[in-house]
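To keep things clear, I will list the structure first and then write my remarks on it.
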């Protein structure tokens, strides 16, 4: 298990190593220990709403469901990779202007998120009590955010690392972060949207 | 110790009387609130002059749980029928007197203590003990970018359960104790908060909260299904250890769920093991000196302490053990919320 304090330094390493080609517009906010960026996201095109009516999302849609989705309208999304002191791993936090648009934006790969269970506070996997997507205070800023519950991501990352070649000495944490981004990108489309 | 006896569900009676006493005191703690509707938002024809509601609110409760009571009062006394038809509870939000937005997902006791420590930094603040916390209730236009969505009782419950799970994880490294509870039991925890019923809450909470145990002369009974998850380190065996046995359970957690609140400042969270690496029991004094050495200088430096620590509204002495605080004085959500305020001399 990686010790708490050592994680804060490697958050800076991917920023230095991954140049503009990979993750655009990422800043490391020094002294506060988290990665952050702001992007503009398109709303999902309205045709995706009518997928046979399967995805029932009563809790996370706008109150006025009859309002037409305006194509081309952009949402401001702030994204953070923050260290979770409770789970001792990084967690993905984000805010969306008009936060009740979470599921409709292009941020997520739609096939992955389960239908909402009617709870406006978070999304839960149907057979689990643990919320997949929750709301909470940003650990450093204290502002309200959505975040992905981090406890399962570390198990998945651990399994992938166990099955792969070892990292170069000194690069273990960087490799951990790279795998973490890979796991998260199964749910989050990090390339969606454009820089603000 | 019957907490671990097979086929018996743990009850408050099997816990040492002192532990139950402190848990009861924590549970029964209340704070005075004065809730005043923003006068600019009072509907027309309201009975002005009466729009203040006073309540002695439980520390372990939450603002959304007070809303029904406040609404009943306002409908009875202040609003007329036309107003009653248009008010929407889901748009209600609270602000402190000095304009700070209040987080509805914080326990009321924490909101109160956090306010107390902010006051401790004001140069002109009079340090009185139990002034009501004056809140302004807004009826419309919640600032959604600064508030978590939907301050309904259901969302409040989800936030509460989330905090319990996080605390569970910090204590034991997994959330099996929480997820091992039946749904009815999990709901029972929240019902206990809603109804403010100590026994209903602790009937379930005693399964997941570490406890302190009295001296035993016999070896521990064989673990039942419910307790097989409580791995007890060898040093917890009362016949062989040299730590006093009444800290079993509480001191076998990995870490104690603790947060530090600074006046108007950030919330700090870090690992708080019950016993330090070089052996001594982790006390509040050691903990604060390590995290905030300028406010709580270690005794050997000879400097004066500049601040104090509030937990459940009580100034906790530095000798208090973190593990004990986690077992006896944590909030209902499992967290030890230490609010740090400045001592009067330092505030000048």
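The values are calculated or read from the model by the stated rules, or taken from the named source; none is laboratory data. On a predicted model such as this, the values are computed, not experimentally measured, just so you know. Please note: Cβ atoms are built from the backbone with ideal geometry, for glycine as well, and neighbour counts cover all protein chains shown.
Observations on the model:
- Entry remark, segment B:70-117: residues being closer than 14 Å to residue B:261 by Cβ and at pLDDT below 85 number 1 in total.
- Within segment A:120-142, the residues that satisfy the criterion of being at pLDDT 75 or above and either more than 9 Å from chain B (Cβ to nearest Cβ) or touching a strand residue (DSSP E or B) at 6+ places or on another chain (Cβ under 7 Å) (or both) are A:133, A:134, A:135, A:136, A:137, A:138, A:139, A:140, A:142.
- Summed over segment B:99-114, the residues that are within 14 Å of another protein chain (Cβ to nearest Cβ) and not in a loop (DSSP other than H, G, I, E, B) give a count of 4.
- Flag if residue B:278 is farther than 30 Å from residue B:32 by Cα, out of contact with any strand residue (DSSP E or B) (no Cβ under 6 Å at 6 or more places or on another chain), modelled with pLDDT under 90 and buried (at least 17 other Cβ atoms within 10 Å of the Cβ): no
- Pick from segment B:258-275, criterion assigned to a strand (DSSP E or B) and away from chain A (no Cβ under 11 Å), ranking: surrounded by the fewest Cβ atoms within 10 Å (Cβ to Cβ): B:275
- If the condition is being within 11 Å of the chain's Cα centre (by Cα) and in a loop (DSSP other than H, G, I, E, B), then segment A:173-194 contributes A:185, A:186, A:187, A:189, A:190.
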